Amino acid sequence: MEQQPDRKKQKLWRIKRKFYSRSENHAEEADRTGREEGADAVLTEIYKISSKEVRKVKTIQDVAKELGVSTSTVSRAISGKGRIGKETRERVLKYIEENGYYPNAAAQSLAQSKTNNIAIILPEVDTLVEMPFFHTCMYAVEEMAQANDYDILVVITSGKDPRPLERLILNRKVDGMILTRTYENDCFVPLLLEKKIPFVTIGQTEKEGVVQIDSDNAGACMELTSVLLSKRIGRIAYLGGSMEQMVNKCRYKGYLEAYRQFGKEPESGLICMNLVNKVLIGKAVEELVKKKADCMLCQDDFICDEVLHILAAENIKVPEDMRVASCHYSRILDNYPIMITSLKFDIMQLGRTACKILLDMIDGKEVPEKTLLDYEVILKESTK
């Protein structure tokens, strides 16, 4: 009679080995932390399930066999890498979604448990190098995440390709995501809404039901433009970036609203938009100098930095020959002998707030749909 429990225990551990073979991470974590009671409790429940039900957990081989394709085809469909037809990829992903293939999860119960990871989605690499905003924002998110026993996964994407996010969701790598840039025709937001994964955006979006955290870019740019107009600066040129980005749309809206409140119309010939690289910025500055603009109001620190560099190279003095202001301050504007009039946003607070709200969402707490943070107008010598 005493051997019966031993046989049962041996069978239980055979199931355990089979169960954890699909997710070595879970097995290692259970062994490493010594939570044998928790593991055995889960295994006891599995033991009660029939072997037929246990076999319902899909493997990559199961998916390949059901669809009549190779395992490498299934792998390419999941990873988004390698050559695979669009129709085949969609067929594989649809089957996976409908039938529950979890590559790194031992079973649905464990797959649905917290990973204590969140993802921060950053724009393309060249932008990261040139714009300190994202460095600071990432640091703030990591600081808040670590304070709450979470780690962050950094995902860099062009903003046009949702596959990196799809893989995170499919492989159940994270509990939630933070989008650090939003777009007019955003491919990320609809995907995350459809998949029902907790996420927040740093920046506004036109989609309903999205939790958004942002600085008051429209209000800030309106106030800065109003200050310049009140100083009787006549011909204010506006140099803006890509209008696909919501932050740029908000700032431009503020610029136009300031003119409306003053009962004026900005000169269309002094508005230069979609300046997405240094070559385009250079051409815009050349044209605006020829048109005798009185001030160059730059939409962000990257544009302002390049404008100041070009003016210095052409021996155009600031503010004697040309006034300059920026709709966003960062440390790159400290590289010039003259201090630049700009808008200062608390990026650390922005990142911390976004992370805290996301963690509250993951915990099932109620959170505000929109959070708008304040700003500061910094008047310096560049607009005297």
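For this structure, a couple of remarks:
- Residue pairs meeting the criteria (Cβ under 6 Å; at least 6 apart or on separate chains; first surrounded by 12 or more Cβ atoms within 10 Å (Cβ to Cβ), in region 85-99; second not in a helix (DSSP H, G or I)): N99/K58
- Of the numbered criteria (1) crowded, with 16+ Cβ neighbours inside 10 Å; (2) at pLDDT below 95; (3) under 30 Å from K196 (Cβ atoms), the one Y336 fails is (3).
- Taking the criterion of being surrounded by fewer than 18 Cβ atoms within 10 Å (Cβ to Cβ) and not in a loop (DSSP other than H, G, I, E, B), the residues of region 144-154 that qualify are Q146, A147, D151, L153, V154.
- Restricted to helices (runs of 4 or more DSSP H) entirely inside region 53-108, those with at least 1 residues that are on the phi < 0 side of the Ramachandran plot and at pLDDT 85 or above are 60-67, 86-99.
- Selection count where residues are within 18 Å of D300 (Cα to Cα) and either at pLDDT below 95 or among the hydrophobic types (A, V, I, L, M, F, W, C) (or both), scope region 339-384: 11
- In the set (1) in contact with an Asp or Glu (Cβ under 7 Å, 6 or more places away or on another chain); (2) surrounded by 15 or more Cβ atoms within 10 Å (Cβ to Cβ); (3) at pLDDT below 85, L128 fails one condition alone, (1).
- Subset tally (residues that are surrounded by 21 or more Cβ atoms within 10 Å (Cβ to Cβ) and touching a Ser or Thr at 6+ places or on another chain (Cβ under 8 Å)) for region 269-298: 3
- Residue pairs whose Cβ atoms lie under 8 Å apart, separated by 6 or more positions or on different chains, with the first residue in region 182-197 and under 19 Å from M361 (Cβ atoms) and the second loosely packed, with under 13 Cβ neighbours inside 10 Å and modelled with pLDDT of 90 or more, are L193/G209.
Residues checked against (1) within 18 Å of A354 (Cβ to Cβ); (2) among the small types (G, A, S); (3) modelled with pLDDT of 90 or more:
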site	(1), (2), (3)
D161	no, no, no
P164	no, no, yes
N185	no, no, no
P190	no, no, yes
E206	no, no, no
C221	no, no, yes
S226	no, yes, yes
A237	no, yes, yes
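- Meets criteria (surrounded by 17 or more Cβ atoms within 10 Å (Cβ to Cβ) and of a type in the set (K, R)) for R163: no
- Every residue from region 347-384 that is part of a strand (DSSP E or B), more than 27 Å from Y150 (Cβ to Cβ) and touching a residue at least 40 places away in the same chain (Cβ under 8 Å): Y375, V377, I378
- Test result for V141, assigned to a helix (DSSP H, G or I) and modelled with pLDDT of 85 or more: yes
The values are calculated or read from the model by the stated rules, or taken from the named source; none is laboratory data. In this text the structure is predicted, and so the values were computed from the model without any measurement. Note: ideal-geometry Cβ built from the backbone for every residue, glycine included; neighbour counts use all protein chains shown.
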